[in-house]
Amino acid sequence: MNDLGTDIAPAKYTRLEGFIFLAAFALTIPAANWLIGNAGIVCLDKGPCLIPVAPGLMAPSGVLMIGLALVLRDLVQRRLGAMFAIAAILTGAFLSAFLAPPSLVLASSAAFLLSELADFAVYTPLQRRRLVLAVFASGIVGLTIDSAIFLYLAFGNLDFIAGQIVGKSWMIVLALPAIIWIRQRDERLGIQAA
């Protein structure tokens, strides 16, 4: 048994981990589309279902999955490489368009594609030296772009942008302890980013 607690070689283990992150990333897309129309404290007529993200601040419920998607895409890139990350972004944009309610197809796919590409652009140069900063900074850039594009295209306004940003930020902040643990484990085991 190796330091990972498995009989799998570290290189195979990290690829397996990458594919697990990729599967989880793909699952965030249908989850976000389902949540926005079906789960929340209140569902607006011809609008999103809302959840509280801070005192007095509501956001469409899909924000939770989109914040998580930004982190998972970073982890896909860390384990499987930039080409897998780009393929995941393109596949995610297609899935987002395919699974979104008809009224949200353009908003969902455009916001997903542009926010994930922005996340990729910020994460890529930072991730080898400063993983935690890379995940946090790229996530903030990605969630801001996603929020603005989605709200404008879906609803014609930015009424929920503060809630969108706060809700997605919660998911990124909550993921940071796991990112720190992954970075420390990678350093201890000598695992390099793909």
### Task
Confirm whether V53 is of a type in the set (A, V, I, L, M, F, W, C) and part of a helix (DSSP H, G or I).
no
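Each row is one residue, and each column tells you yes or no for (1) of a type outside the set (A, V, I, L, M); (2) surrounded by 17 or more Cβ atoms within 10 Å (Cβ to Cβ); (3) in a helix (DSSP H, G or I).
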residue	(1), (2), (3)
K46	yes, no, no
L68	no, yes, yes
F84	yes, yes, yes
L95	no, yes, yes
F98	yes, no, yes
L114	no, yes, yes
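If I go through the stretch 153-185 residue by residue, how many of them are assigned to a helix (DSSP H, G or I) and free of Cβ contacts under 8 Å to residues at least 40 places away in the same chain? Working first, answer last.
As a first pass, look at the stretch 153-185 and keep what is assigned to a helix (DSSP H, G or I): 153-155, 161-185.
If we keep only those that are free of Cβ contacts under 8 Å to residues at least 40 places away in the same chain as well, we get 161, 165, 173-174, 177-178, 181, 184-185.
Adding up the residues that qualify gives 9.
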### Summary
When (1) within 14 Å of the chain's Cα centre (by Cα); (2) among the hydrophobic types (A, V, I, L, M, F, W, C); (3) farther than 18 Å from L80 by Cβ are applied to I179, the one that fails is (3)
### Summary
Within the stretch 33-62, residues among the aliphatic types (A, V, I, L, M) and modelled with pLDDT of 85 or more come out as L35, A39, I41, V42, L50, I51, V53, A54, L57, M58, A59
### Query
Considering only the stretch 96-130, how many residues are touching a residue at least 60 places away in the same chain (Cβ under 8 Å) and basic (K, R)?
1
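Does at least one position in the stretch 57-72 carry a residue that is free of Cβ contacts under 8 Å to residues at least 24 places away in the same chain and in contact with a helix residue (DSSP H, G or I) (Cβ under 9 Å, 6 or more places away or on another chain)? I'd like the intermediate steps shown before the answer.
Going through the stretch 57-72, the residues free of Cβ contacts under 8 Å to residues at least 24 places away in the same chain turn out to be none.
Looking through the stretch 57-72, none of the residues is free of Cβ contacts under 8 Å to residues at least 24 places away in the same chain and in contact with a helix residue (DSSP H, G or I) (Cβ under 9 Å, 6 or more places away or on another chain).
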### Query
Could you say whether any residue in the stretch 131-142 is part of a helix (DSSP H, G or I) and without any contact (Cβ under 8 Å) to a residue 12 or more places away in the chain?
yes
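The values are calculated or read from the model by the stated rules, or taken from the named source; none is laboratory data. The model shown is predicted, which means the values in this text are computed figures rather than measured ones. All Cβ positions, glycine included, derive from the backbone under ideal geometry; neighbour counts span all protein chains shown.
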